[in-house]
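Visitor: Structure incoming, see below.
The values are calculated or read from the model by the stated rules, or taken from the named source; none is laboratory data. Treat the numbers as computed from the prediction; the structure is a model and nothing was measured. Because the Cβ atoms are built from the backbone with ideal geometry, glycine has one as well, and the counts that use them run over all protein chains shown. For accessibility, only protein heavy atoms count, side chains too; no ligands or nucleic acids. Shrake-Rupley method; radii C 1.70, N 1.55, O 1.52, S 1.80 Å.
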Amino acid sequence: MLTCGRFISSSSAATSTASFSPFRTLTRSLLRRPAPHLLSSASAAAATAVEPDTKGGGGAGGGAGVARPQWKAAIDFKWIRDNRDAVADNIRSRNSTANLDLILELYDQYLALRKEVERLRAERNAVANKMKGKLDPSVRQALVEEGKNLKDGLIALEEDLVQLTDKLQLEAQSIPNTTHPDVPVGGEESSVLRKVVGSQRSFTFAMKDHLQLGKELDFFDFDAAAEVSGSKFYYLKNEAVLLEMALVNWAISEVSKKGFTPLITPEIVRSSVVEKCGFQPRAQNTQVYSIEDSDQCLIGTAEIPVGGIHMDSILAESALPLKYVAYSHCFRTEAGAAGAATRGLYRVHQFSKVEMFIFCRPEESDKLHEELITIEEDLYASLGLHFKTLDMATGDLGAPAYRKFDIEAWMPGLERYGEISSASNCTDYQSRRLGIRYRPSPSEPPSTNTKKGKGAGSGPTQFVHTLNATAVAVPRLIVCILENFQQDDGSIVVPEPLRPYMGGVEVLSPKFK
């Protein structure tokens, strides 16, 4: 092997170049190794965040066909390696198929290959420096040959390093977020009850579900929508339109009072932004509608465009926390959904939603998560709904969530509780993918648009934490309101907080007798 600054003959240089081959052989074997066949939500997302190698044979790197990531997450591989057992337990409890053994093997080979590349660069520089002085022609020729051998070997190893880095990134993107220590371990049935508000209403008359009520009130037209758009679409009509607008305006008004900035977001976003937020636009049974022959998708939640609003930014600490309340239409394929719970408005392809989203310092995220779930509970309690709040178990957490609370409201027509909202703390999972940091700088004036580190400031940057929570998912709240507040004459009592947003209307009455 070459040592820095040591002169060798051209023949020994050729022998030294041959010593690179063990790195290349091992790298090639790792690059050829197939990814796991079964994909969790996290690993499926990672698998979509790639582009094929279109350069034929892949050059001297020998990695033809190795997928290239379209984006890279700032993953702390050293932390993963140093906390191997904890990471493995977390992968297991969250039912992820992330291959930790492969990831760490790739990381070790990456470190070794990077070290070898750095050593060869130093050797090449040393040879170049030796050629600056006056030399005997035979010595200069030997140095030229040595430099050429070093250059050729370095090019090959640098290509291998790129291939190995891409493979490592793709595999590591499948690792889910860490989990809050208080989250119960297990499937959905292991989730822990946090709070119960109200009680189930007892009806003294024959109770109707929201579909029958909506027909009598002339609120919906699913048949016409099926002809125009397909199943699971609907027209809202008459006072149902006013009810939707009232829910949206009421929610934005109430949440804005708590320091949230109102937004109306784009509803088409780049696929890479969807992936960075932890969703899987092109995986099997995806919930995301992708636009053919483009890199764009319809959003399934405003969490995605709001999460991207400060992408690749460095925020001032004095600007945090940044709180947004966003209105958007949402589009979901509902792939795999079936059964009675999908009837009517409960599970549809398009709906309106008001979403809360926060960017904050790491030490604030637990407290702000509590704030979000409290806002949700206060909103639904003020409507008079009976609901329960659950601390969701590890098996029910999506890849980005560190902890998630779900709220399920009683729906008499379904004769069960149905989810109406959730609130998730995603810590730095999304910000490491979206490139959102903050710089502690007490003297710097607040700014929310400092792109890519431009501007004054001092101190190392840190990744922000992100949180999201549903304020209003309109169709499911309409289900709750119609079924819980129906009267024996088929009319619906409008919850008091919504009346100012419906022109003072207190009761919705049937159109037909």
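Visitor: Note the full-extension length gain between residue 162 and residue 138 as 0.36 nm times their separation in residues minus their Cα-Cα distance, in nm to one decimal. Provide the component values of the computation, followed by the final result.
Guide: Numbers: separation 24, 0.36 × 24 = 8.64 nm, distance 3.62 nm.
That pair, residue 162 and residue 138, stretches by 5.0 nm at full extension.
Visitor: Within the range 201-257, list the chymotrypsin sites (Phe, Trp or Tyr not before Pro) lying in a DSSP loop whose Cβ has at most 14 other Cβ atoms in a 10 Å radius.
Guide: Those satisfying the criteria are 203, 205.
Visitor: Binned at 10 Å from 0, what are the whole-percent values of the Cα-Cα distance distribution for the range 252-382, short to long?
Guide: Here the calculated profile for the range 252-382 is 11, 35, 35, 16, 2.
Visitor: Taking residue 208 as the anchor, which lysines have their alpha carbon closer than 17 Å to its alpha carbon, excluding any fewer than eight residues away along the same chain?
Guide: 511, 513
Visitor: Continuing with this model, one more query. Which loop-located GluC sites (Glu not before Pro) does the range 248-296 contain, where loop means any DSSP state but H, G, I, E or B and the Cβ has at most 10 other Cβ atoms within 10 Å?
Guide: Within the range 248-296, the qualifying GluC sites (Glu not before Pro) (loop, at most 10 other Cβ atoms within 10 Å) are 292.
Visitor: Order 261, 165, most accessible first, counting only protein heavy atoms with a 1.4 angstrom probe.
Guide: Per-residue accessible area, sorted high to low, gives 261, 165.
Visitor: State in Å² the accessible area per residue of the range 146-242; use a 1.4 Å probe, count heavy atoms of protein chains only, and round to the nearest integer.
Guide: 50
Visitor: Of all trypsin sites (Lys or Arg not before Pro) in the range 121-175, which ones are in loop regions per DSSP and have a Cβ with at most 13 other Cβ atoms within 10 Å?
Guide: Those that pass, being in a loop and sparsely packed, are 132, 134.
Visitor: Another one. Once R0 is set to 35 Å, what does the formula 1/(1 + (r/R0)^6) return for the Cβ-Cβ distance between residue 114 and residue 333, expressed as a FRET efficiency to the nearest 0.05? If you can, show how the numbers build up before the last one.
Guide: Details: r = 42 Å, r/R0 = 1.19.
E between residue 114 and residue 333, to the nearest 0.05, is 0.25.
Visitor: For residue 364 and residue 294 in the same chain, what is the full-extension length gain: residue separation times 0.36 nm, less their Cα-Cα distance, in nm?
Guide: Between residue 364 and residue 294, full extension yields 21.4 nm more.
Visitor: Counting only protein heavy atoms, what percent of the accessible surface of the range 315-412 is carbon or sulfur at a 1.4 Å probe?
Guide: The value for the range 315-412 is 46 percent carbon and sulfur by accessible area.
Visitor: Would you please give the FRET efficiency between residue 238 and residue 78, computed as 1/(1 + (r/R0)^6) with r the Cβ-Cβ distance and R0 = 51 Å, to the nearest 0.05? Mind dumping the intermediate values first?
Guide: Numbers: r = 61 Å, r/R0 = 1.19.
Result of the calculation: an efficiency of 0.25.
Visitor: Compute, for the range 320-426, the length of the dipole vector about the Cα centre, with Cβ point charges of +1 (Lys, Arg) and -1 (Asp, Glu) only. Units Debye, rounded to 20.
Guide: Computed charge dipole of the range 320-426: roughly 400 debye.
Visitor: Taking the alpha-carbon distance from residue 148 and a cut-off under 19 Å, which lysines remain once sequence neighbours fewer than 8 residues away in the same chain are dropped?
Guide: Once the sequence-local lysines are set aside, what remains near residue 148 is 130, 132.
Visitor: Straight distance only, please: which lysines reach the Cα of residue 323 with their own Cα at less than 29 Å, same-chain residues fewer than 8 apart left out?
Guide: Of all the lysines, those that pass the test against residue 323 - Cα under 29 Å, at least 8 places apart if same chain - are 72, 195, 257, 258, 276, 353, 367, 388, 404, 451, 452, 454.
Visitor: What does the extension gain come out to for residue 228 and residue 129, with contour length at 0.36 nm per residue minus their alpha carbon separation?
Guide: Values: separation 99, 0.36 × 99 = 35.64 nm, distance 7.41 nm.
Separation in residues times 0.36 nm, less the Cα-Cα distance, equals 28.2 nm.
Visitor: For 410, 79, give me the order by solvent-accessible area with a 1.4 Å probe, most accessible first, ignoring ligands, DNA and RNA.
Guide: Details: 410 35, 79 110 Å².
Greatest to least solvent exposure: 79, 410.
Visitor: With a 1.4 Å probe and all protein chains kept in place, how much accessible area does residue 155 have, in Å² rounded to the nearest 10?
Guide: In the full protein context, residue 155 sits at about 70 Å².
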